[in-house]
Amino acid sequence: MIRYTKDTDHIAILTLDMKGRQRNLLNHEIVAAFVPVIQHLKKQKSKGELRGVIITSAKKNFLVGGNLKYLSDTENPKDIFDYAEKLKSFFRELEQPGIPVVAAINGNAIGTGFELALACHYRIVLNKQDIRIGLPEAKYGVMPGNGGTIRLLWLMGIEQAFHLLAEGKEWTPAEAKMVGLVDELATDQADMILRAKRWLLKTKEVVRPWDQPNAMLPDINSMPQKIAKLSAHVAARWKQHYPAQQAILNTLNEGSQVDFATACRIESRYYTALLLSPESRNITQALWFDQNQISNGISRPKGFGKLRPKKIGIVGAGVMGSGIAASCLAAGYEVLLKDVSRMIAEQGKERVAQMLEAYLKSGKILKTTQEECIAKIHTTESAEGFIDCDLVIESVFENVNLKRKVVSETEQYIDEFAFFASNTVSIPITQLAEKSIRPEQFVGLHFLRHADSMPLVEIVRGEQTNDETIAKAFDFVKSIGKTPIVVKDDWGFYVARVQNTYILEGITMLQEGYLPALIENLGLQSGMPKGPLALADELSFDLVLRYEQQAADHYGSKYIQHPAVTVLKKMMDELKRNGHKKNGGFYEQNDENKKLWPGLNDHFTFNKSTYDQEEIMERFLFVQILEAVWCLHEGVIKTEQEANLGSVLGWGFPSFKGGVIQYIKNYGKSNFIKRCNELKSAHGQRFSVPGWLKNNLA
């Protein structure tokens, strides 16, 4: 568990090595193991036999977070509060006795694991690109609860501490040193231990800033102004939907006005309340538990070895193809980018370089990595170079004949063990695979708009796609840092099909006489990232209508035309407004400040003087949820986890609701069905409840 050694300079090295685990995890086991060790260190210090302590790890990681499952399962606030206080007590034991302690970080130090490093007096980390440092709790709806919030307040001041905690970013070693999370970088394990010993030998005793007499916070004089600024920032960005950021700010604010011990108890109280809040639990369920089940292969076919590709071919050097290329390069792959001419392919390469520059600015890659990436992308106008690619992805214009031509031209040069993927957004994979010489190795990889940054990819299984190809596609998507969900080759797949219902509902409200600004604002208030009219413009009306036409073709005589269709046809045919690509849409697209098109007032009647705000927001969410349930009912998507996370990562269904299926669980199945029936009576058949829901979910 903890290996103890001491050298002739009276420096003790504590090596973390949890038995039976691949990673060191900070839980009750390791805390219990530390207790006698710390008591022994205190005795040695009192006898003058200890100069300092180095804490490091025998595993690839240093130390990662605590027991999130236990904390999510318990309903007892005292249990959570006591858990946090116990860890805080342990960390105080580590930093208070006057023994200088160095955290020698040889791998990931995440969450509670990094809180332990913050309780050490000095932090040295191996300068390896794949190591991550940080407190990402806010991304999962929670906050650091073991003293990390208060320690960062003292080490960095309230403004920097807030942004670091609220964003939940994980840092590379170089970035962590730049922002002040670590003190030194080491080249290798031996250098790290040498640097740690060197610091300890010149440091007799260390007192943390918060334990010094008359200590003051770094930015105490400007605290009121900064609190006001941060409060406005939280309200504007998170709109009171995401309680973690507010809890972090409250903890920092109140903690800045009291002594360290009291501040830590304040942190424990906010931590406890946050973990018990429904919003926090929903976010954690989707972005932690559902994410982990998907990443661990809940829909990956079993029995196939892990794909380890080296070279990726991409056909189409436009914005989408360039985004896919950038993602592959950032993951370390060699990329061959093809277009009809090398000149166009080179233009795509320049676009990729711009995307990599954005990665560099955001901290996703380092400067050296950016240079390595650029060296790994090659351009061509011939498909012959794909002979040594493990995977080729076509991302050309959304045209059946063009995509079929690409398949025919390309597959003849692909190795028999490689597979081919189409990045179509609306054309059936089975239809495209008709021209494939190996249809069982043909799959859809639907990268969403802004492929370089969007975290989700739909793996579309055609009628002949075999399990091995799905497994390979799953491994590839994970390897480039994105989340894969496996979907059936059906109209709109999953993401676009469900997202379209939100757009259509907003357009229907326009027809019903609601003001456009009201529709957009209530869409945002419901938790969606964009208003439905703005989203319609962004996608273009022809694509919105294309999905609805596919629904009509699919359901045949059972199809009931959506009331939004007449509005869209009027906008396109009569008013010649097709969305952002052509002449604008519901918004003016030519102005620097985008605004709703004033001409809407001339062509639509807005006569709804009163409205039910809650019902409008429910309509927005319910249509998405019901369409997602229809997807489960029809086998378009197979698991609740993929339905939930696909909704959050795919089109921005509010994570504080936990995803589409979690929403039903929170609402209560019987209450949800009852409310659907009420909405169906008031607004039509689109609020009908699928049979899947009646037969599933307890």
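The values are calculated or read from the model by the stated rules, or taken from the named source; none is laboratory data. Source: prediction; values computed, not measured. Please note: Cβ atoms are built from the backbone with ideal geometry, for glycine as well, and neighbour counts cover all protein chains shown. Heavy atoms of the whole protein, side chains included, go into the accessibility calculation; ligands, DNA and RNA do not. Shrake-Rupley method; radii C 1.70, N 1.55, O 1.52, S 1.80 Å.
Note on the range 108-201: enclosed helices (runs of 4 or more DSSP H) holding 2 or more residues that are under 25 Å from the mean Cα position of the chain (by Cα) are 112-119, 148-156, 158-167, 173-179.
Residue pairs whose Cβ atoms lie under 8 Å apart, sitting 6 or more positions apart in sequence or on different chains, and linking a residue in the range 222-234 that is surrounded by 12 or more Cβ atoms within 10 Å (Cβ to Cβ) to a partner that is of a type in the set (Ser, Thr, Tyr), are Met223/Ser256. All of (1) open to solvent by 10 Å² or more (accessible area, probe 1.4 Å); (2) part of a loop (DSSP other than H, G, I, E, B) hold for Tyr70 with one exception: (2). Summed over the range 283-322, the residues that are crowded, with 23+ Cβ neighbours inside 10 Å and at positive phi give a count of 1. Report whether or not Ser57 is hydroxyl-bearing (Ser, Thr, Tyr) and in contact with an Asp or Glu (Cβ under 8 Å, 6 or more places away or on another chain). The answer is yes for Ser57. Leu164 falls short on exactly one of the conditions (1) among the aliphatic types (A, V, I, L, M); (2) surrounded by fewer than 24 Cβ atoms within 10 Å (Cβ to Cβ); (3) more than 30 Å from Ile80 (Cα to Cα); (4) modelled with pLDDT of 95 or more, and that condition is (3). Picking from residues in the range 630-667 that are part of a helix (DSSP H, G or I) and among the hydroxyl-bearing types (Ser, Thr, Tyr), the one that is surrounded by the fewest Cβ atoms within 10 Å (Cβ to Cβ) is Tyr667. The test for being of a type in the set (A, V, I, L, M, F, W, C) and modelled with pLDDT under 95 holds for Leu697. When Ile365, Ile387 are checked against the criterion of being hydrophobic (A, V, I, L, M, F, W, C), outside any helix (DSSP H, G or I) and either touching an Asp or Glu at 6+ places or on another chain (Cβ under 8 Å) or surrounded by 15 or more Cβ atoms within 10 Å (Cβ to Cβ) (or both), a single residue qualifies: Ile365.
In the range 480-517, what residues are crowded, with 19+ Cβ neighbours inside 10 Å and small (Gly, Ala, Ser)? Within the range 480-517, Gly492, Ala496, Gly506 qualify.
Is it the case that Arg546 is touching a helix residue (DSSP H, G or I) at 6+ places or on another chain (Cβ under 7 Å) and closer than 21 Å to Thr430 by Cα?
On the way: touching a helix residue (DSSP H, G or I) at 6+ places or on another chain (Cβ under 7 Å): no; closer than 21 Å to Thr430 by Cα: yes.
No, not satisfied.
For every residue, the table says whether it meets (1) more than 29 Å from Asn221 (Cβ to Cβ); (2) aromatic (Phe, Trp, Tyr); (3) crowded, with 19+ Cβ neighbours inside 10 Å.
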site	(1), (2), (3)
Arg132	yes, no, yes
Met143	no, no, yes
Trp171	no, yes, yes
Ala186	yes, no, yes
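Note on the range 350-360: residues that are closer than 20 Å to Ile131 by Cβ and open to solvent by 30 Å² or more (accessible area, probe 1.4 Å) total 1.
Can we say Lys570 is open to solvent by 60 Å² or more (accessible area, probe 1.4 Å), out of contact with any helix residue (DSSP H, G or I) (no Cβ under 7 Å at 6 or more places or on another chain) and of a type in the set (Lys, Arg)? The answer is no for Lys570.
The single residue among Lys43, Lys78 that is modelled with pLDDT of 90 or more, open to solvent by 30 Å² or more (accessible area, probe 1.4 Å) and in a helix (DSSP H, G or I) turns out to be Lys78.
Examine the range 531-541 for a residue that is open to solvent by 60 Å² or more (accessible area, probe 1.4 Å) and not basic (Lys, Arg), and state whether such a residue exists. Within the range 531-541, none of the residues are open to solvent by 60 Å² or more (accessible area, probe 1.4 Å) and not basic (Lys, Arg). Annotation: Glu520 fulfils all but one of (1) part of a helix (DSSP H, G or I); (2) open to solvent by 30 Å² or more (accessible area, probe 1.4 Å); the unmet one is (2). Need pairs with beta-carbon distance below 6 Å; first residue under 21 Å from Ser299 (Cα atoms) and within the range 618-646, second in a helix (DSSP H, G or I) and charged (D, E, K, R); sequence gap 6+ or separate chains. Within 6 Å, the pairs are Gln641/Asp290; Asn644/Asp290; Leu645/Asp290. Restricting to the range 443-476, what's the tally of residues that are under 19 Å from Val319 (Cα atoms) and β-branched (Val, Ile, Thr)? Summing the residues that are under 19 Å from Val319 (Cα atoms) and β-branched (Val, Ile, Thr) in the range 443-476 gives 1. Here is the figure for the range 96-107: residues that are open to solvent by 10 Å² or more (accessible area, probe 1.4 Å) and in a strand (DSSP E or B) total 0. Residues in the range 368-382 that are surrounded by 19 or more Cβ atoms within 10 Å (Cβ to Cβ) and at pLDDT below 95: Cys373 alone.
For the range 506-516, check the following and say yes or no: at least one residue is among the small types (Gly, Ala, Ser), touching a residue at least 12 places away in the same chain (Cβ under 8 Å) and under 26 Å from Ser655 (Cβ atoms).
yes
Would you confirm, using the coordinates I've provided, whether Ala473 is at pLDDT 95 or above and open to solvent by less than 10 Å² (accessible area, probe 1.4 Å)? Taking the combined requirement at face value, the residue satisfies it.
If you go through the range 265-281 and pick out every residue that is open to solvent by 10 Å² or more (accessible area, probe 1.4 Å) and either closer than 19 Å to Asp211 by Cβ or under 17 Å from the mean Cα position of the chain (by Cα) (or both), you end up with 4.
Based on what the data block shows, is Ala331 under 20 Å from the mean Cα position of the chain (by Cα), touching a residue at least 12 places away in the same chain (Cβ under 8 Å) and open to solvent by 10 Å² or more (accessible area, probe 1.4 Å)?
So Ala331 passes the test.
Scan the range 586-606 and give yes if some residue there is buried (at least 22 other Cβ atoms within 10 Å of the Cβ) and not in a helix (DSSP H, G or I), otherwise no. Yes, the conditions are met somewhere in the range 586-606. For Leu649, the requirement of being in contact with a Ser or Thr (Cβ under 7 Å, 6 or more places away or on another chain) and within 21 Å of Arg237 (Cα to Cα) is met. Counting only residues that are free of Cβ contacts under 8 Å to residues at least 40 places away in the same chain and either among the basic types (Lys, Arg) or on the phi > 0 side of the Ramachandran plot (or both), the range 93-128 holds 0 of them. Identify all residues within the range 13-33 that are assigned to a helix (DSSP H, G or I) and either touching a residue at least 60 places away in the same chain (Cβ under 8 Å) or open to solvent by 40 Å² or more (accessible area, probe 1.4 Å) (or both); write none if there are none. Those that are assigned to a helix (DSSP H, G or I) and either touching a residue at least 60 places away in the same chain (Cβ under 8 Å) or open to solvent by 40 Å² or more (accessible area, probe 1.4 Å) (or both): His28, Glu29, Ala32.
The requirement of being within 27 Å of the chain's Cα centre (by Cα), in contact (Cβ under 8 Å) with a residue 24 or more places away in the chain and part of a helix (DSSP H, G or I) is satisfied by Asp475.
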